[in-house]
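Shown next, in structure tokens, is the structure this report addresses.
The values are calculated or read from the model by the stated rules, or taken from the named source; none is laboratory data. Keep in mind that what you see is a predicted model, and the values were worked out from it rather than measured. In this analysis, Cβ positions are derived from the backbone assuming ideal geometry, glycine residues included, and neighbour counts consider all displayed protein chains.
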Amino acid sequence: VKLIKWKRKQLNLPPGRRGWPFVGETFGYLKPHPATSVGQFMEQHISRYGKIYRSNLFGEPTIVSADAALNRFVLQNEGKLFECSYPSSIGGILGKWSMLVLVGDMHREMRMISLNFMNNVRLRSRLLPEVERHSLLVLRSWIHGSPFSALEEAKKALKKSLCFLFNMNRQVFVNLIGFSLQFTFNLMAKNIMSMEPYEAKTEKLRLEYISFMKGVISAPLKFPGTPYWKALKSRSNILNVIEQKMQERWQEMREQEGDEEVDDLLGWCLKHSNLSKEQTLDLLLSLLFAGHETSSVALASAIFFLESCPEAVQELREEHSEIERKKLQRAESSLTWEDYKEMEFTQCKNGVTSTTTNNFMPYGGGPRLCAGSELAKLELAVFLHHLVLSYRWELAEPDHPLAFPFIEFPKGLPIKVYPI
Ligand code: HEM
């Protein structure tokens, strides 16, 4: 669904209605609904007005489109016929230099930096081994316990976090959302700022992001207690951590005078870009945001839907067992890029019709096409590889994805896993 704002009056506008004064139809539009449907609001509006209709959302006159062809046209003409904009509250939280809210040349510059950080060479040589290491860290913690136990402070953080874990007769209960967030966050924190997983500072930052995310799409009410207020506070705490990392890195760079460079995004920005300190802070903050919530929900959803399709799990297991067998024959201990390319069923490379590919736009399109889509696909495939080879799983209690408007599993997707 794309929201398109119009400024001029007396245009040939689609049908629709304005709703209540000021708030328009915002509350109805944002009402949580099962993520497997477009929701009652959209269904009712589409049946009454068609797939393209007029409304009033977030305090602005708006055209809503649930029409895939129009959505693709809008995405592809971004910066030419259309310009992206978000409700101002989102800019307040992500920062005015965040790539998600920037337009024009500055957006292009930030985008180039992000694409460079996740380019094909880095994906093969650096990110693939990291993705595998972080997948195994999480999956092994399900049976061996988390490396947390060594750290008193992090233990407290664990209690507060969504994750829980206990072991009974080799059957393990896992709060999947907590663990998939841990996996994707740790991966990004390592590659953006060389922060090690399970260290107290990394955990603290991860927990800040949880309250940060809750406020990104919330009413911009700036008084204590509201999600928006808490998210602004988290933003400032997150920026403090990133700034401290930046100071430490400057210090190291001065001391080492051009010696070995740390291979992370922070190091690259400080050495090779002309970004100001503020711009670098917002870039890192928003990349950490864009790069972990999204892929963790995608991963949890994949595992959720697979649970109800044993045939697909069986086919996955066959594909990954074969890859594992060949890997062992070559006496290799880690996955190679060639192994990854062989995960064809996992990546749904066969049997996808052109209608599906044309209408399915999970990564957006045009000049704002997700900069991390290749990394996200790698994360999903490698995690699933080790998951299906190590465990069987089933839902521990009924849960389902809700559009909130971000996708959430109300119970955190509790699953029971059995080591194979
Ligand atoms: C399954 C996981 C993911 C999904 C579904 C997803 C989805 C999207 C979508 C729909 C957009 C376009 C937003 C717009 O139109 O303005 C986007 C942008 C972006 N995504 Fe992702 N994303 C995922 C994972 C990631 C990862 C792992 C990263 C890594 C850092 C990332 C980084 C970005 C960035 C930097 C942008 C902004 C691109 C730009 O404005 O030029 N994403 N993502």
Neighbours by Cβ (under 7 Å, 6+ apart or cross-chain): first from the range 358-376, farther than 20 Å from residue 83 by Cβ and touching a residue at least 24 places away in the same chain (Cβ under 8 Å); second assigned to a helix (DSSP H, G or I) and within 6 Å of the ligand (Cβ to nearest atom): 372/290; 376/294; 376/295; 376/298
The residue from 71, 77, 56 that alone is in contact with a Ser or Thr (Cβ under 9 Å, 6 or more places away or on another chain) and under 18 Å from residue 361 (Cα atoms) is 71
Return the residue satisfying two criteria in turn: it lies in the range 111-145 and is closer than 25 Å to residue 99 by Cα and free of Cβ contacts under 8 Å to residues at least 24 places away in the same chain, and of such residues it is surrounded by the fewest Cβ atoms within 10 Å (Cβ to Cβ). 121
Please go through the range 40-66 and give me each residue that is of a type outside the set (A, V, I, L, M), at pLDDT below 95 and either surrounded by 18 or more Cβ atoms within 10 Å (Cβ to Cβ) or in a strand (DSSP E or B) (or both), ordered by number. 56, 58, 60, 61, 62
Only residues in the range 400-418 that are free of Cβ contacts under 8 Å to residues at least 40 places away in the same chain count as the first member; pair them with residues that are in a loop (DSSP other than H, G, I, E, B) and surrounded by fewer than 17 Cβ atoms within 10 Å (Cβ to Cβ), Cβ under 7 angstrom, at least 6 apart or cross-chain, and list the lot. 411/397
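Kindly indicate the residue of the range 282-313 that is more than 13 Å from the ligand (Cβ to nearest atom) and of a type in the set (Val, Ile, Thr) and also farthest from residue 185 (Cα to Cα) among those meeting that condition.
Taking the range 282-313 as the starting set, the residues that turn out to be more than 13 Å from the ligand (Cβ to nearest atom) are 303-313.
With the extra rule that they be of a type in the set (Val, Ile, Thr), the set shrinks to 303, 313.
Values: 303: 18, 313: 26 Å.
Step by step, filter the range 282-313, then rank; the result is 313.
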Have a look at 251, 279 and point out the one that is modelled with pLDDT of 95 or more and either assigned by TED's automatic domain parsing to the domain that holds residue 374 or not basic (Lys, Arg) (or both). 279
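How about the range 343-368: which of its residues are of a type in the set (A, V, I, L, M, F, W, C), surrounded by 15 or more Cβ atoms within 10 Å (Cβ to Cβ) and within 16 Å of the ligand (Cβ to nearest atom)? Steps first, answer last, please.
First, the residues of the range 343-368 that are of a type in the set (A, V, I, L, M, F, W, C): 343, 345, 348, 352, 360-361.
Now drop any that are not surrounded by 15 or more Cβ atoms within 10 Å (Cβ to Cβ), which leaves 343, 345, 361.
Answer for the range 343-368, where residues must be of a type in the set (A, V, I, L, M, F, W, C), surrounded by 15 or more Cβ atoms within 10 Å (Cβ to Cβ) and within 16 Å of the ligand (Cβ to nearest atom): 343, 361.
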Failed item in (1) at pLDDT 95 or above; (2) surrounded by fewer than 19 Cβ atoms within 10 Å (Cβ to Cβ); (3) under 25 Å from residue 268 (Cα atoms), with residue 96 passing the rest: (1)
